[in-house]
Amino acid sequence: MAWHSAYLQRVLAPDYRFAAENLKHHFIDAMTAHLDEVLKLSGHSPESVSAGRELRTTLVSLHDEPAPSYVEDVPDLYFALQRVLEAKHGDAVGLIRLGLSRNDLDMTVYKMHGRTLLARLGAVLIELRGLLLDKAARHVGTVLIAHTHHRPGQPTTVAHYLEAAQDLLSRDTQRLLQAYDRSNLSPLGAAALAGTSHALDRHRTAAALGFDGPVENTYDAVAAADWEFDLAMVGQSVALNLGRVVDDLLTWASQDLYVLADGLVQGSSIMPQKRNPVALEHVRTRLSRAIGSAAMVTFSSHNIPFADLNDFGPDIQGGLVAQHRQLMGALDLMSACLRGGDFDERRLAEVARRTDTTATELADVLVRDAGFDFPRAHSVVAALLSRLEANGTPLAEATPEDVVAAGGPAMTPESLRDAVDAHAFVERRLGFGMPAAATMEESLRRSRSAVEADAEGLGVRVGKVESAVASLRGVNLQVVGSDA
(Lines give C-alpha, C1' and ligand atoms only; values in the text may rest on other atoms or scores of the structure.)
Protein backbone atom coordinates (compact mmCIF):
# COMPACT_ATOMS: atom_id res chain seq x y z
CA MET A 1 0.00 0.00 0.00
CA ALA A 2 1.24 3.48 -0.83
CA TRP A 3 0.71 5.56 2.28
CA HIS A 4 -0.16 9.23 2.01
CA SER A 5 2.88 11.40 2.77
CA ALA A 6 1.09 13.14 5.65
CA TYR A 7 0.24 9.78 7.24
CA LEU A 8 3.80 8.59 6.77
CA GLN A 9 5.42 11.69 8.20
CA ARG A 10 2.99 12.43 11.03
CA VAL A 11 2.00 8.95 12.17
CA LEU A 12 3.85 5.91 10.85
CA ALA A 13 7.43 7.21 10.88
CA PRO A 14 7.36 8.81 14.37
CA ASP A 15 5.45 5.83 15.83
CA TYR A 16 8.03 3.50 14.34
CA ARG A 17 10.91 5.48 15.82
CA PHE A 18 9.23 5.45 19.22
CA ALA A 19 8.60 1.71 19.11
CA ALA A 20 12.12 0.95 17.90
CA GLU A 21 13.58 3.01 20.75
CA ASN A 22 11.28 1.95 23.57
CA LEU A 23 9.36 -1.22 22.73
CA LYS A 24 11.53 -3.55 20.62
CA HIS A 25 12.52 -5.92 23.42
CA HIS A 26 8.95 -6.10 24.69
CA PHE A 27 7.65 -6.97 21.23
CA ILE A 28 10.20 -9.74 20.88
CA ASP A 29 9.44 -11.16 24.33
CA ALA A 30 5.67 -11.11 23.77
CA MET A 31 6.02 -12.72 20.34
CA THR A 32 8.32 -15.38 21.84
CA ALA A 33 5.88 -16.22 24.64
CA HIS A 34 3.07 -16.50 22.13
CA LEU A 35 5.13 -18.68 19.79
CA ASP A 36 5.99 -21.01 22.68
CA GLU A 37 2.30 -21.49 23.39
CA VAL A 38 1.48 -22.05 19.71
CA LEU A 39 4.13 -24.76 19.53
CA LYS A 40 2.40 -26.55 22.42
CA LEU A 41 -0.78 -26.96 20.35
CA SER A 42 -1.53 -30.42 19.01
CA GLY A 43 -1.63 -31.08 15.29
CA HIS A 44 1.74 -29.67 14.28
CA SER A 45 3.90 -31.83 12.04
CA PRO A 46 7.43 -32.63 13.25
CA GLU A 47 8.72 -30.39 10.47
CA SER A 48 6.53 -27.52 11.62
CA VAL A 49 7.71 -27.90 15.21
CA SER A 50 11.33 -27.99 14.09
CA ALA A 51 10.84 -24.90 11.94
CA GLY A 52 9.11 -23.20 14.86
CA ARG A 53 12.03 -23.87 17.18
CA GLU A 54 14.47 -22.45 14.65
CA LEU A 55 12.20 -19.45 14.26
CA ARG A 56 12.23 -18.97 18.01
CA THR A 57 16.02 -18.99 18.10
CA THR A 58 16.17 -16.29 15.47
CA LEU A 59 13.44 -14.28 17.18
CA VAL A 60 15.30 -14.24 20.51
CA SER A 61 18.54 -13.32 18.72
CA LEU A 62 16.90 -10.09 17.53
CA HIS A 63 17.35 -8.73 21.07
CA ASP A 64 21.04 -8.33 20.24
CA GLU A 65 20.47 -6.57 16.94
CA PRO A 66 19.35 -3.04 16.16
CA ALA A 67 15.73 -2.57 15.28
CA PRO A 68 15.10 -2.97 11.53
CA SER A 69 15.51 0.26 9.60
CA TYR A 70 12.28 2.01 8.81
CA VAL A 71 10.90 1.48 5.32
CA GLU A 72 7.75 3.16 4.10
CA ASP A 73 5.89 0.06 2.99
CA VAL A 74 5.94 -1.48 6.50
CA PRO A 75 3.37 0.11 8.83
CA ASP A 76 4.95 -0.66 12.20
CA LEU A 77 7.70 -2.44 14.13
CA TYR A 78 5.72 -5.66 14.44
CA PHE A 79 5.51 -6.11 10.69
CA ALA A 80 9.14 -5.02 10.31
CA LEU A 81 10.19 -7.80 12.69
CA GLN A 82 7.95 -10.20 10.77
CA ARG A 83 9.72 -9.25 7.53
CA VAL A 84 13.15 -9.95 9.07
CA LEU A 85 11.96 -13.37 10.22
CA GLU A 86 10.29 -14.15 6.89
CA ALA A 87 13.54 -13.49 5.06
CA LYS A 88 15.14 -16.37 6.94
CA HIS A 89 12.27 -18.70 7.79
CA GLY A 90 9.64 -18.09 5.12
CA ASP A 91 6.16 -19.45 5.83
CA ALA A 92 7.13 -20.69 9.29
CA VAL A 93 6.59 -17.13 10.52
CA GLY A 94 2.89 -17.85 10.17
CA LEU A 95 3.15 -19.72 13.47
CA ILE A 96 3.51 -16.38 15.25
CA ARG A 97 0.42 -15.03 13.53
CA LEU A 98 -1.76 -17.91 14.72
CA GLY A 99 -4.32 -16.61 17.24
CA LEU A 100 -2.46 -13.30 17.57
CA SER A 101 -3.73 -9.82 16.74
CA ARG A 102 -1.88 -6.57 16.89
CA ASN A 103 -4.64 -5.53 19.30
CA ASP A 104 -3.66 -7.92 22.08
CA LEU A 105 0.04 -7.85 21.16
CA ASP A 106 0.25 -4.06 21.25
CA MET A 107 -1.61 -3.76 24.55
CA THR A 108 0.61 -6.44 26.06
CA VAL A 109 3.71 -4.59 24.92
CA TYR A 110 2.39 -1.26 26.21
CA LYS A 111 1.69 -2.80 29.60
CA MET A 112 5.16 -4.35 29.74
CA HIS A 113 6.65 -0.97 28.97
CA GLY A 114 4.35 0.74 31.47
CA ARG A 115 5.40 -1.50 34.34
CA THR A 116 9.03 -0.82 33.42
CA LEU A 117 8.38 2.92 33.74
CA LEU A 118 6.66 2.37 37.09
CA ALA A 119 9.52 0.24 38.37
CA ARG A 120 12.11 2.85 37.41
CA LEU A 121 10.08 5.65 38.95
CA GLY A 122 9.54 3.59 42.08
CA ALA A 123 13.25 2.98 42.50
CA VAL A 124 14.20 6.67 42.37
CA LEU A 125 11.21 7.63 44.52
CA ILE A 126 12.32 5.21 47.22
CA GLU A 127 15.88 6.51 46.96
CA LEU A 128 14.64 10.09 47.38
CA ARG A 129 12.69 9.10 50.48
CA GLY A 130 15.89 7.67 51.91
CA LEU A 131 17.72 10.95 51.25
CA LEU A 132 14.99 12.90 53.02
CA LEU A 133 15.33 10.65 56.05
CA ASP A 134 19.13 10.92 55.98
CA LYS A 135 18.90 14.68 56.15
CA ALA A 136 16.16 14.53 58.77
CA ALA A 137 18.39 12.39 60.98
CA ARG A 138 21.01 15.16 60.91
CA HIS A 139 18.51 17.80 61.94
CA VAL A 140 16.47 16.24 64.74
CA GLY A 141 17.32 19.18 66.99
CA THR A 142 17.30 21.95 64.36
CA VAL A 143 14.36 24.25 65.06
CA LEU A 144 12.38 25.39 62.04
CA ILE A 145 9.63 27.99 62.26
CA ALA A 146 6.73 26.48 60.33
CA HIS A 147 4.20 28.65 58.53
CA THR A 148 0.44 28.49 58.31
CA HIS A 149 -1.44 30.65 55.79
CA HIS A 150 1.88 32.15 54.67
CA ARG A 151 2.64 33.49 58.15
CA PRO A 152 4.93 32.15 60.89
CA GLY A 153 2.97 29.60 62.89
CA GLN A 154 4.80 27.42 65.41
CA PRO A 155 8.27 26.02 65.98
CA THR A 156 8.95 22.50 64.79
CA THR A 157 12.14 20.91 63.52
CA VAL A 158 13.73 20.33 60.15
CA ALA A 159 13.45 16.60 60.87
CA HIS A 160 9.72 16.87 61.56
CA TYR A 161 9.19 18.71 58.27
CA LEU A 162 11.34 16.37 56.19
CA GLU A 163 9.72 13.27 57.60
CA ALA A 164 6.33 14.74 56.73
CA ALA A 165 7.60 15.21 53.16
CA GLN A 166 8.78 11.62 53.17
CA ASP A 167 5.33 10.55 54.32
CA LEU A 168 3.83 12.21 51.23
CA LEU A 169 6.18 10.27 48.99
CA SER A 170 5.55 7.10 50.98
CA ARG A 171 1.89 7.28 50.03
CA ASP A 172 2.89 7.94 46.44
CA THR A 173 5.02 4.82 46.59
CA GLN A 174 2.00 2.86 47.76
CA ARG A 175 -0.04 4.30 44.90
CA LEU A 176 2.71 3.27 42.52
CA LEU A 177 2.90 -0.30 43.81
CA GLN A 178 -0.89 -0.61 43.70
CA ALA A 179 -0.97 0.72 40.15
CA TYR A 180 1.77 -1.74 39.22
CA ASP A 181 -0.24 -4.64 40.60
CA ARG A 182 -3.46 -3.53 38.91
CA SER A 183 -1.75 -3.17 35.53
CA ASN A 184 0.37 -6.33 35.73
CA LEU A 185 -2.21 -8.50 33.97
CA SER A 186 -1.60 -9.73 30.45
CA PRO A 187 -3.86 -8.96 27.45
CA LEU A 188 -2.08 -11.61 25.36
CA GLY A 189 -4.46 -14.18 23.94
CA ALA A 190 -7.35 -11.75 23.65
CA ALA A 191 -6.58 -11.51 19.91
CA ALA A 192 -8.73 -8.86 18.23
CA LEU A 193 -11.15 -8.76 21.20
CA ALA A 194 -13.06 -12.04 21.38
CA GLY A 195 -10.09 -14.36 21.90
CA THR A 196 -9.32 -17.33 19.65
CA SER A 197 -10.68 -20.81 19.05
CA HIS A 198 -7.15 -22.23 19.32
CA ALA A 199 -6.41 -23.82 22.68
CA LEU A 200 -3.84 -21.26 23.77
CA ASP A 201 -3.26 -21.08 27.52
CA ARG A 202 -3.39 -17.40 28.46
CA HIS A 203 -2.21 -18.12 32.00
CA ARG A 204 1.01 -19.67 30.69
CA THR A 205 1.83 -16.77 28.37
CA ALA A 206 1.11 -14.32 31.19
CA ALA A 207 3.48 -16.16 33.53
CA ALA A 208 6.15 -16.39 30.81
CA LEU A 209 6.17 -12.57 30.61
CA GLY A 210 6.17 -11.98 34.37
CA PHE A 211 2.53 -10.96 34.62
CA ASP A 212 0.47 -11.96 37.63
CA GLY A 213 -2.12 -13.48 35.30
CA PRO A 214 -4.20 -12.60 32.25
CA VAL A 215 -6.82 -9.89 31.99
CA GLU A 216 -9.91 -12.07 32.39
CA ASN A 217 -12.29 -10.45 29.90
CA THR A 218 -10.75 -10.43 26.42
CA TYR A 219 -12.75 -7.35 25.38
CA ASP A 220 -11.50 -5.51 28.45
CA ALA A 221 -7.97 -6.66 27.60
CA VAL A 222 -7.83 -4.65 24.37
CA ALA A 223 -10.31 -1.85 25.07
CA ALA A 224 -9.42 -0.59 28.56
CA ALA A 225 -7.14 2.38 29.17
CA ASP A 226 -7.60 2.87 32.90
CA TRP A 227 -4.24 1.26 33.63
CA GLU A 228 -2.69 4.17 31.73
CA PHE A 229 -4.60 6.60 33.92
CA ASP A 230 -3.08 4.82 36.90
CA LEU A 231 0.42 5.44 35.57
CA ALA A 232 -0.28 9.07 34.75
CA MET A 233 -2.06 9.78 38.04
CA VAL A 234 0.76 8.27 40.07
CA GLY A 235 3.17 10.56 38.26
CA GLN A 236 0.86 13.52 38.74
CA SER A 237 0.57 12.84 42.47
CA VAL A 238 4.34 12.63 42.85
CA ALA A 239 4.72 15.92 40.99
CA LEU A 240 2.03 17.69 43.01
CA ASN A 241 3.35 16.50 46.37
CA LEU A 242 7.01 17.05 45.67
CA GLY A 243 6.28 20.42 44.07
CA ARG A 244 5.03 21.76 47.40
CA VAL A 245 8.26 20.73 49.09
CA VAL A 246 10.31 22.31 46.32
CA ASP A 247 8.41 25.56 46.75
CA ASP A 248 9.36 25.61 50.43
CA LEU A 249 13.00 24.88 49.65
CA LEU A 250 13.04 27.73 47.14
CA THR A 251 11.58 30.07 49.75
CA TRP A 252 14.19 29.01 52.29
CA ALA A 253 16.95 29.28 49.68
CA SER A 254 15.83 32.86 48.94
CA GLN A 255 16.36 33.62 52.64
CA ASP A 256 19.67 31.73 52.84
CA LEU A 257 18.09 29.25 55.24
CA TYR A 258 18.74 26.43 52.76
CA VAL A 259 22.04 26.70 50.95
CA LEU A 260 22.91 24.86 47.75
CA ALA A 261 26.42 23.93 46.69
CA ASP A 262 28.08 26.03 43.99
CA GLY A 263 27.38 23.48 41.28
CA LEU A 264 23.63 23.87 41.82
CA VAL A 265 23.40 27.68 41.70
CA GLN A 266 24.05 30.32 39.06
CA GLY A 267 25.33 33.85 39.37
CA SER A 268 24.09 36.93 37.60
CA SER A 269 25.53 38.58 34.51
CA ILE A 270 25.17 41.96 36.21
CA MET A 271 24.70 41.42 39.98
CA PRO A 272 27.91 40.05 41.53
CA GLN A 273 26.26 39.00 44.78
CA LYS A 274 23.70 36.59 43.31
CA ARG A 275 23.59 32.85 44.04
CA ASN A 276 20.38 31.84 42.31
CA PRO A 277 18.99 28.40 43.34
CA VAL A 278 18.35 27.46 39.71
CA ALA A 279 18.55 23.69 40.21
CA LEU A 280 15.46 23.84 42.43
CA GLU A 281 13.70 26.03 39.87
CA HIS A 282 14.34 23.38 37.23
CA VAL A 283 12.96 20.71 39.56
CA ARG A 284 9.78 22.76 39.80
CA THR A 285 9.42 23.26 36.04
CA ARG A 286 9.89 19.56 35.35
CA LEU A 287 7.28 18.68 37.93
CA SER A 288 4.87 21.13 36.31
CA ARG A 289 5.45 19.56 32.91
CA ALA A 290 4.86 16.11 34.40
CA ILE A 291 1.46 17.31 35.61
CA GLY A 292 0.70 18.68 32.15
CA SER A 293 1.67 15.37 30.54
CA ALA A 294 -0.93 13.59 32.68
CA ALA A 295 -3.60 15.64 30.94
CA MET A 296 -2.47 14.21 27.61
CA VAL A 297 -3.29 10.74 28.87
CA THR A 298 -6.63 11.76 30.35
CA PHE A 299 -7.93 13.64 27.34
CA SER A 300 -6.90 10.90 24.95
CA SER A 301 -9.62 8.72 26.46
CA HIS A 302 -12.26 11.42 26.85
CA ASN A 303 -15.54 10.81 25.00
CA ILE A 304 -14.34 7.92 22.86
CA PRO A 305 -15.95 4.49 22.37
CA PHE A 306 -15.06 1.65 24.70
CA ALA A 307 -13.20 -0.31 22.04
CA ASP A 308 -9.74 -0.89 20.62
CA LEU A 309 -8.58 2.50 19.30
CA ASN A 310 -5.42 4.38 18.45
CA ASP A 311 -6.30 7.16 20.92
CA PHE A 312 -4.97 5.27 23.94
CA GLY A 313 -2.80 2.82 21.99
CA PRO A 314 0.19 4.04 20.01
CA ASP A 315 -0.88 7.68 20.16
CA ILE A 316 -0.59 8.03 23.93
CA GLN A 317 2.58 6.07 24.61
CA GLY A 318 4.72 9.10 23.94
CA GLY A 319 2.74 11.06 26.51
CA LEU A 320 3.47 8.47 29.17
CA VAL A 321 7.16 8.52 28.31
CA ALA A 322 7.21 12.33 28.25
CA GLN A 323 5.81 12.41 31.77
CA HIS A 324 8.27 9.76 32.90
CA ARG A 325 11.26 11.70 31.54
CA GLN A 326 10.16 14.91 33.23
CA LEU A 327 9.64 13.12 36.54
CA MET A 328 12.95 11.29 36.38
CA GLY A 329 14.73 14.54 35.60
CA ALA A 330 13.00 16.28 38.50
CA LEU A 331 13.77 13.50 40.97
CA ASP A 332 17.39 13.34 39.87
CA LEU A 333 17.80 17.09 40.35
CA MET A 334 15.97 16.96 43.67
CA SER A 335 18.29 14.23 44.90
CA ALA A 336 21.27 16.37 43.91
CA CYS A 337 19.80 19.33 45.81
CA LEU A 338 19.40 17.21 48.93
CA ARG A 339 22.90 15.80 48.68
CA GLY A 340 24.43 19.14 47.69
CA GLY A 341 22.47 21.42 49.96
CA ASP A 342 21.70 21.86 53.63
CA PHE A 343 19.91 23.99 56.19
CA ASP A 344 21.89 26.82 57.79
CA GLU A 345 21.46 26.06 61.48
CA ARG A 346 22.84 29.42 62.60
CA ARG A 347 20.38 31.41 60.50
CA LEU A 348 17.49 29.16 61.52
CA ALA A 349 18.38 29.69 65.18
CA GLU A 350 18.36 33.45 64.66
CA VAL A 351 14.92 33.29 63.03
CA ALA A 352 13.68 31.21 65.96
CA ARG A 353 15.11 33.70 68.47
CA ARG A 354 13.20 36.57 66.88
CA THR A 355 9.93 34.68 66.60
CA ASP A 356 6.71 35.13 68.52
CA THR A 357 5.55 31.65 67.49
CA THR A 358 5.99 30.22 70.99
CA ALA A 359 2.98 32.24 72.12
CA THR A 360 0.80 29.13 72.26
CA GLU A 361 3.13 27.49 74.75
CA LEU A 362 3.15 30.59 76.96
CA ALA A 363 -0.65 30.45 77.02
CA ASP A 364 -0.50 26.75 77.88
CA VAL A 365 1.93 27.51 80.72
CA LEU A 366 -0.55 30.05 82.13
CA VAL A 367 -3.21 27.34 82.04
CA ARG A 368 -1.04 24.72 83.75
CA ASP A 369 0.82 26.89 86.27
CA ALA A 370 -1.51 29.83 86.97
CA GLY A 371 -4.88 28.10 86.70
CA PHE A 372 -6.13 30.33 83.86
CA ASP A 373 -8.67 28.91 81.45
CA PHE A 374 -7.38 28.92 77.88
CA PRO A 375 -9.48 31.82 76.52
CA ARG A 376 -8.19 34.06 79.31
CA ALA A 377 -4.61 32.88 78.78
CA HIS A 378 -5.00 33.46 75.04
CA SER A 379 -6.15 37.05 75.67
CA VAL A 380 -3.29 37.77 78.07
CA VAL A 381 -0.65 36.53 75.62
CA ALA A 382 -2.28 38.45 72.75
CA ALA A 383 -2.14 41.63 74.85
CA LEU A 384 1.48 40.90 75.74
CA LEU A 385 2.39 40.51 72.08
CA SER A 386 0.73 43.82 71.20
CA ARG A 387 2.66 45.53 73.99
CA LEU A 388 5.97 44.02 72.87
CA GLU A 389 5.35 44.84 69.21
CA ALA A 390 4.71 48.47 70.06
CA ASN A 391 8.12 48.59 71.73
CA GLY A 392 9.91 46.56 69.03
CA THR A 393 10.71 43.82 71.53
CA PRO A 394 10.74 40.14 70.54
CA LEU A 395 8.82 37.67 72.67
CA ALA A 396 12.08 36.01 73.72
CA GLU A 397 13.04 39.24 75.51
CA ALA A 398 9.76 39.68 77.39
CA THR A 399 10.07 40.29 81.15
CA PRO A 400 7.86 39.13 84.01
CA GLU A 401 6.79 42.78 84.36
CA ASP A 402 5.55 42.74 80.75
CA VAL A 403 3.42 39.68 81.53
CA VAL A 404 1.88 41.33 84.61
CA ALA A 405 1.20 44.53 82.64
CA ALA A 406 -0.71 42.46 80.07
CA GLY A 407 -2.95 41.02 82.81
CA GLY A 408 -0.97 37.89 83.51
CA PRO A 409 0.38 36.37 86.70
CA ALA A 410 3.77 36.93 88.28
CA MET A 411 6.38 34.65 86.71
CA THR A 412 10.03 34.06 87.46
CA PRO A 413 12.46 35.09 84.71
CA GLU A 414 13.48 31.45 84.36
CA SER A 415 9.93 30.10 83.92
CA LEU A 416 9.10 32.85 81.42
CA ARG A 417 12.28 32.25 79.42
CA ASP A 418 11.57 28.53 79.33
CA ALA A 419 7.97 29.14 78.23
CA VAL A 420 8.97 31.23 75.20
CA ASP A 421 12.07 29.28 74.13
CA ALA A 422 11.65 27.62 70.72
CA HIS A 423 13.73 24.56 71.60
CA ALA A 424 11.78 24.04 74.80
CA PHE A 425 8.56 24.41 72.80
CA VAL A 426 9.63 21.52 70.57
CA GLU A 427 10.87 19.29 73.39
CA ARG A 428 7.58 19.55 75.25
CA ARG A 429 5.86 17.95 72.26
CA LEU A 430 6.52 14.32 73.06
CA GLY A 431 3.27 12.79 71.79
CA PHE A 432 2.94 10.41 68.88
CA GLY A 433 3.99 12.07 65.63
CA MET A 434 5.28 15.21 67.35
CA PRO A 435 8.71 16.84 66.89
CA ALA A 436 10.45 16.25 70.25
CA ALA A 437 13.81 14.59 69.66
CA ALA A 438 13.04 11.29 71.37
CA THR A 439 9.72 10.95 69.55
CA MET A 440 11.26 12.01 66.27
CA GLU A 441 14.10 9.51 66.41
CA GLU A 442 11.67 6.65 66.94
CA SER A 443 9.48 7.92 64.13
CA LEU A 444 12.47 8.10 61.79
CA ARG A 445 13.30 4.49 62.61
CA ARG A 446 9.79 3.44 61.62
CA SER A 447 9.97 5.45 58.44
CA ARG A 448 13.31 3.90 57.56
CA SER A 449 11.80 0.44 58.00
CA ALA A 450 8.90 1.42 55.73
CA VAL A 451 11.32 2.59 53.02
CA GLU A 452 13.21 -0.70 53.25
CA ALA A 453 9.96 -2.68 53.05
CA ASP A 454 8.85 -0.76 49.97
CA ALA A 455 12.25 -1.27 48.35
CA GLU A 456 11.96 -4.98 49.04
CA GLY A 457 8.42 -5.09 47.66
CA LEU A 458 9.42 -3.33 44.47
CA GLY A 459 12.45 -5.60 44.17
CA VAL A 460 10.24 -8.69 44.40
CA ARG A 461 8.04 -7.38 41.60
CA VAL A 462 10.94 -6.44 39.37
CA GLY A 463 12.75 -9.69 40.16
CA LYS A 464 9.71 -11.69 39.09
CA VAL A 465 9.71 -9.99 35.68
CA GLU A 466 13.46 -10.26 35.25
CA SER A 467 13.42 -13.95 36.14
CA ALA A 468 10.55 -14.68 33.74
CA VAL A 469 12.12 -12.73 30.88
CA ALA A 470 15.54 -14.26 31.50
CA SER A 471 13.98 -17.71 31.29
CA LEU A 472 12.09 -16.74 28.15
CA ARG A 473 15.23 -15.48 26.47
CA GLY A 474 17.37 -18.31 27.77
CA VAL A 475 19.92 -15.90 29.18
CA ASN A 476 21.69 -15.27 32.45
CA LEU A 477 19.83 -12.98 34.82
CA GLN A 478 22.67 -10.48 34.79
CA VAL A 479 22.18 -9.95 31.06
CA VAL A 480 18.58 -8.81 31.36
CA GLY A 481 19.24 -5.38 32.86
CA SER A 482 16.56 -2.69 32.53
CA ASP A 483 15.05 -3.89 29.27
CA ALA A 484 12.82 -6.43 31.01
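The values are calculated or read from the model by the stated rules, or taken from the named source; none is laboratory data. Computed from a prediction, not measured in an experiment: that's the story for all the values here. Ideal geometry is used to build each Cβ from the backbone, glycine not excepted, and the neighbour counts take in all protein chains shown. Note: areas computed on protein heavy atoms with side chains; ligands, DNA, RNA excluded. Shrake-Rupley method; radii C 1.70, N 1.55, O 1.52, S 1.80 Å.
The 3J(HN,Hα) values that the Karplus relation (6.51, -1.76, 1.60; θ = phi - 60°) gives for region 279-286 are, in residue order, 4, 5, 4, 6, 4, 4, 5, 5 Hz. Gly and Pro appear as x.
Taking θ as phi - 60° and the Karplus parameters 6.51, -1.76 and 1.60, the scalar couplings of region 330-335 work out to 5, 5, 5, 5, 5, 4 Hz in sequence order, x denoting glycine and proline. With all protein chains in place and ligands, DNA and RNA left out, the 1.4 Å accessible area ranks S69, S237, S45, S197 as S197, S69, S45, S237, largest first. Surface analysis of region 175-264 yields an accessible area of 41 Å² per residue, using protein heavy atoms and a 1.4 Å probe. Excluding ligands, DNA and RNA, the accessible surface per residue across region 66-171 is 39 Å² with a 1.4 Å probe.
Okay, helix-only estimate at 222 nm for the chain: each DSSP H run of n ≥ 4 adds -39500 (n - 2.57), divide by all residues, round to 500 deg cm²/dmol; what do you get? Intermediate values should be presented prior to the final figure.
Values: 20 runs with 314 residues, N = 484.
My calculation for the chain gives -21500 deg cm²/dmol from helical runs alone.
Each of [x] 1.32; [y] 1.24; [z] 1.01 is a candidate for Cα Rg over 2.2 N^0.38 Å; the one calculated from this structure is [x].
All C-alpha to C-alpha distances of region 20-137, sorted into 5 Å bins beginning at zero, yield P(r) values of 2, 10, 18, 19, 16, 10, 7, 5, 4, 4, 3, 2, 1, 0 percent in whole numbers. Both the radius of gyration and Dmax for region 132-191 are 19.2, 61 Å, in that order, over alpha-carbon atoms. The packing ranking, built from the mean of other Cβ atoms within 10 Å per residue, places the peptides 159-170, 87-98 in the order 159-170, 87-98, highest first. Solvent-accessible area of E389, all protein chains in place: 140 Å² (probe radius 1.4 Å, heavy atoms, ligands and nucleic acids excluded). Just how much of H423 is accessible, in Å², when a 1.4 Å probe is used and the result is rounded to the nearest 10? Its accessible surface works out to 90 Å², give or take rounding.
Nonpolar atom fraction for the chain, defined as the carbon and sulfur part of the 1.4 Å probe accessible area, stands at 52 percent. In this structure R353 has an accessible area near 100 Å², from a 1.4 Å probe over the protein heavy atoms. Please check which bits of region 242-258 a label hung off M271 would reach, taking the label as a point 7 Å along Cα-to-C-beta and the cut-off as backbone N under 13 Å. Residues 254-256 qualify, since their backbone N sits under 13 Å from the label point.
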